[in-house]
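Throughout, read-outs are computed from the coordinates displayed, never taken from laboratory work. Keep in mind that what you see is a predicted model, and the values were worked out from it rather than measured. Cβ placement follows ideal geometry from the backbone for every residue including glycine, while neighbour counts extend to all protein chains displayed.
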Amino acid sequence: MSAEDGLLEDFLAGRVEPQAFGHRQHLAVAFAMLRRHDFATAAQRYCEGIRALAARAGHPEVFNVTVTIAFLALVAERLGSEDSDFEAFAMRHPELFDRRLLERWYPKDQLRSDLARRTFVLPAAGQTPAP
């Protein structure tokens, strides 16, 4: 079992400590989840897990559906058959480690909105990706 598969198992079982689950771990779990499941199934399970993690951390209000789904989609569209493990994937896609990456498509206030926390929202009309 790979490291990311072990992390995924712990994530799904609720054994991940919120304090030890940073952005890199979010991406590793997304990578492993997408290697096992189609996007719709991965999105549901990933959202459930992240929401539970936020609740265990005592901050359920920080869960954001838009950020969660958008980052999952970015991982999914970059995932290729040549990505044998997360480390190789991470080396090929360093842009995913920029926590502000979604600001290329979304204004900050839209990402921070209550609506974005509750449901997936598309980028604001006319918003074009920044270089």
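Annotations for the structure displayed:
- Extension gain, Arg92 back to His23 (0.36 nm per residue minus Cα-Cα distance, nm): 23.2 nm
- Distance between the pseudo-spin-label points of Glu82 and Glu103 (7 Å out from Cα toward the beta carbon): 3.1 nm.
- Normalised by the number of residues in the chain, the average gap of Cα pairs under 8 Å and 6 or more apart makes the relative contact order 25 percent.
- Whole-Hz ³J(HN,Hα) from phi, Karplus 6.51 cos²θ - 1.76 cosθ + 1.60, for region 44-53, glycine and proline x: 5, 5, 5, 4, 4, x, 5, 4, 5, 4
- Note on the chain: Rg/Rh from Cα positions, Kirkwood definition for Rh, rounded to two decimals, is 0.95.
- Listed values for region 12-17 are Karplus-derived 3J(HN,Hα) couplings in whole Hz (6.51 cos²θ - 1.76 cosθ + 1.60, θ = phi - 60°), namely 5, 8, x, 9, 7, 7, and x replaces Gly and Pro.
- Virtual spin-label span in nm between Phe120 and His59, 7 Å along Cα→Cβ: 2.5
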